[in-house]
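Remarks on the structure that follows.
The values are calculated or read from the model by the stated rules, or taken from the named source; none is laboratory data. Just so it is clear, the structure is predicted and the values come from calculations on it, not from any experiment. Positions of Cβ are generated from backbone atoms using ideal geometry, with glycine treated the same way; all protein chains shown enter the neighbour counts.
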Amino acid sequence: MNVIAVTNQKGGVGKTTTAINLAACLAELGKRVLLIDTDPQANATSGLGGVIAPGGSLRPVLLGQKRLREQIVSTSFPHLDLLPSEIDLAAIESAFAGSDSPLFHLRNALQPLREAQDYEIVLLDTPPSLGLLMANALAAADLVLVPLQCEYYALEGLSKILDLLDKLGTVGEGSRVRILGILMTMFDVRTNLSQQVVEDVRRHVPHLLFQTLIPRSIRLAEAPSHGKPITTYDPSSVGAVSYRHFCAEFLARLSA
Ligand SMILES: Nc1ncnc2c1ncn2[C@@H]1O[C@H](COP(=O)(O)OP(=O)(O)O)[C@@H](O)[C@H]1O
Ligand SMILES: [Mg+2]
């Protein structure tokens with residue numbers, strides 16, 4: 001079982017869009033996939049048509065009141081399950097007060113699934129803040145996938161997240177998180193800026209950059225309001241084709 005956190009401390013860079021659509025592409029290939037929504041905003045939950053039910057989130061799992069497995073729901077997409085979020089997750093920081101190891105709740109909760117190998121791939125959608133929820137996701141993950149928006153400050157954001165991962169990799173008992181790669185999102189073929197940003201990232205971290213560029217596409221932005229991944233909402237759109245292409249690259253790198 002591979003656990004991959006989709007992370008960037010910046011909001012609006014395509015974390016949730018990537019988590020949903022990568023999960024759907026993997027499931028389409030017959031992989032058993034679990035998407036865990038660790039963001040109180042619950043965008044991945046609603047984007048997959050999941051119902052946001054009080055008490056139905058990760059919160060009781062992180063508090064040790066329920067087993068992770070009990071909170072998993074199936075989606076209308078074969079092979080794709082979801083652990084929903086809801087706004088009650090936002091208060092987890094204070095609920096963790098007094099916990100000896102507040103960073104390792106999610107990692108511990110995932111252990112039975114690792115042992116049973118219920119899923120081949122677990123994706124963690126993360127909130128855009130450096131709080132305990134993101135830290136729990138990073139501590140639970142084997143690998144990190146960093147979506148980076150093609151915009152002027154992309155490189156600055158990248159060095160922040162690389163620094164953070166570097167620190168997490170060297171502190172904390174048994175931290176072992178590694179970067180799988182960087183995915184450029186909202187690429188606009190018509191602008192020099194997009195090309196320039198991709199070139200800059202390629203120059204800085206050639207080994208990390210995925211070849212696939214996710215284009216800016218209105219269909220990708222529309223799909224969540226229908227509760228569907230792009231592969232179902234508009235299966236032959238450029239967004240669907242791009243995420244499928246990325247999925248193949250992702251799998252190749254995962255097994256490399
Ligand atoms: N490739 C894309 N093309 C167009 N809009 C996109 C694309 N990726 C994401 N969006 C939109 O941009 C906004 C932020 O994306 P989101 O995935 O929610 O980012 P994050 O989870 O990092 O905050 C959302 O409204 C989303 O629909
Ligand atoms: Mg998000």
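Computed values, structure above
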| quantity | calculated |
| --- | --- |
| Close pairs (8 angstrom Cβ cut-off, 6 or more residues apart or separate chains): modelled with pLDDT under 80 in segment 154-174, buried (at least 16 other Cβ atoms within 10 Å of the Cβ) and in a helix (DSSP H, G or I) anywhere | Leu168/Ala135; Leu168/Leu138; Leu168/Ala139; Gly172/Ala139 |
| Candidates Ala5, Ala24, Ala42 - the one that is touching a Pro at 6+ places or on another chain (Cβ under 6 Å), at pLDDT 95 or above, more than 22 Å from Asp188 (Cβ to Cβ) and more than 8 Å from ligand 1 (Cβ to nearest atom) | Ala24 |
| Criterion: under 14 Å from the mean Cα position of the chain (by Cα), of a type outside the set (Phe, Trp, Tyr) and surrounded by fewer than 19 Cβ atoms within 10 Å (Cβ to Cβ) - qualifying residue of Asp142, Asp100 | Asp142 |
| Which numbered condition Val205 misses (of (1) β-branched (Val, Ile, Thr); (2) buried (at least 19 other Cβ atoms within 10 Å of the Cβ); (3) touching a helix residue (DSSP H, G or I) at 6+ places or on another chain (Cβ under 8 Å)) | (2) |
| Qualifying residue in segment 51-66 (condition: in contact with a Lys or Arg (Cβ under 8 Å, 6 or more places away or on another chain), without any contact (Cβ under 8 Å) to a residue 40 or more places away in the chain and in a helix (DSSP H, G or I)) | yes |
| Residues that are surrounded by 16 or more Cβ atoms within 10 Å (Cβ to Cβ) and either within 16 Å of ligand 2 (Cβ to nearest atom) or part of a loop (DSSP other than H, G, I, E, B) (or both), drawn from segment 121-130 | Leu123, Leu124, Asp125, Thr126, Pro127, Pro128 |
| Scan of segment 142-162 for residues that are away from ligand 2 (no atom under 16 Å from the Cβ) and either charged (D, E, K, R) or outside any helix (DSSP H, G or I) (or both), ordered by number | Asp142, Leu143, Cys150, Glu151, Tyr152, Tyr153, Glu156, Lys160 |
